[in-house]
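Everything on this sheet refers to the single structure shown next.
Any read-out appearing in this document is the output of simple, stated calculations on the displayed coordinates, not a laboratory observation. Nothing here was measured: the structure is a model prediction, and the numbers come from that model. Cβ atoms come from the backbone with ideal geometry, glycine included; neighbour counts cover every protein chain shown.
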Amino acid sequence: MTATDRPWMHLETYYAGAYWGARRETPEDCARRTARLLELLSPCDPFLARWYKLTRSLKDARKFPLMPPPDMPTLTEMFRRGVNRERGKPVIEQLGFNVTFGNGGGAYDSADLSILCGCYSKVVPNSCVLSLPTLGRSPNAERVISAPVLTEAVRSMALAMDPDWAVAMSQSHRDIEDDAQASPWVGWVTYFSRQRGTVPPLPAPVRIEPVEDKGTLILLTPERFTVANPEHVALARRVRELLTRAGLLTPR
């Protein structure tokens, strides 16, 4: 099969996401979690140190900084306004609050944070998703899409958002696993809360690290994980098999 048949062979896009079940929280609670996340992301890389409200233009966005330092009143108001409702109907309280904001970058060289928090529906998970710049089109991507930065980004999500699980991976990797595997996904960097169970011994070069008393972080490889490398894909599947046997991937 050629690169034309598999577009991911010449372009992979990466993201980090944290996910958790029903948790009823106020706009203030969600803002506090988000403020801590922004503080923790800041030392990961300068690209993740400045954040702005989304506006119609990049120039306007930079008039409304959210970080540094975290602007708690603005974050709280953003969550308060981010309620879910059908047009002309009452707020759907159990669906919590949605906010999205960015780091002020341009096309292909930006990061966005999209957060659904305070949702207590049994069918819609809460989430925090960090989109990342595009390799080959961003002067920052080569540095940001690296094991050290994404390991710390996932760790930051684990500490701030207290998710059930979190992952940093390429969309292409997720796509090739989606048909056969339900979430949680096993990516380049994966986190499991301690409530999910104990991470078993895993084969080299996988690294396992504790995240304070909250859970465990797994790094598959110190080099950039790519689906163009069959050894990477095989390693991810082997690790997924071992984690499945240990019960960490059982739906909750």
For this session: Can you tell me the dipole magnitude for the chain around its Cα centre, using point charges on the Cβ only (Lys, Arg +1; Asp, Glu -1), in Debye to the nearest 20?
Result: 560 debye
For this session: State the cysteines of the chain left without a partner when partners are defined as other cysteines whose beta carbon lies under 4.7 Å away.
Result: 44, 119, 128
For this session: For residue 63, list the lysines whose Cα falls under 30 Å from its own Cα; do not include residues on the same chain fewer than 8 positions away.
Result: 53
Exercise. To one decimal place, what Kirkwood hydrodynamic radius in Å is obtained for the chain from all pairs of distinct Cα atoms?
Worked result: 18.9 Å
For this session: Would you mind computing, in nm to one decimal, how far apart the modelled labels at residue 183 and residue 108 are, each placed 7 Å from Cα along Cα→Cβ?
Result: 2.9 nm
For this session: Let me know the shape class of region 71-164, please: from the alpha-carbon gyration tensor, a ≥ b ≥ c as square roots of the eigenvalues, rounded when a/c is under 1.5, otherwise prolate if a/b is greater than b/c, or oblate.
Result: prolate
Seminar exercise, completed: Gyration tensor (Cα only) of region 164-252 to equivalent ellipsoid, semi-axes in Å sorted down, yields 19, 15, 12
Problem set entry | Those residues of region 79-95 whose amide nitrogen sits under 20 Å from the label point placed on residue 122, 7 Å along Cα→Cβ | 92-95
Seminar exercise, completed: Full extension between residue 39 and residue 204 adds, at 0.36 nm per residue less the Cα distance, a length in nm of 56.2 nm
For this session: Mind giving me the FRET efficiency for residue 91 and residue 175? R0 is 41 Å, r the Cβ-Cβ distance, nearest 0.05 is fine.
Result: 0.75
For this session: Just tell me, in residue order, which DSSP H segments of the chain are both 20 angstrom or longer along the helix axis (alpha-carbon based) and at least 0.5 in mean Kyte-Doolittle hydropathy.
Result: 147-161
Seminar exercise, completed: Long-range amide H partners of residue 53, meaning residues 5 or more apart or on another chain whose placed amide H is closer than 5 Å, are 64, 66
For this session: Compute the Cα gyration tensor for region 210-252, then decide on rounded, prolate or oblate, letting a ≥ b ≥ c be the square roots of its eigenvalues: rounded whenever a/c is under 1.5, prolate when a/b is larger than b/c in the other cases, and oblate in all that remain.
Result: oblate
Problem set entry | Relative contact order of region 14-144, pairs being alpha-carbon contacts under 8 Å that are 6 or more residues apart, as % | 31 percent
Exercise. With θ set to phi - 60° and the Karplus curve 6.51 cos²θ - 1.76 cosθ + 1.60, what are the ³J(HN,Hα) couplings of region 126-138 in order, to the nearest whole Hz, using x for Gly and Pro?
Worked result: 6, 7, 9, 10, 10, 7, 10, x, 8, 4, x, 10, 10
Problem set entry | Descending Cα extents along the principal axes, region 14-144, whole Å | 44, 28, 27
For this session: Compute the FRET efficiency between residue 228 and residue 49 as 1/(1 + (r/R0)^6), taking r as their Cβ-Cβ distance and R0 = 41 Å, and round to the nearest 0.05.
Result: 0.85
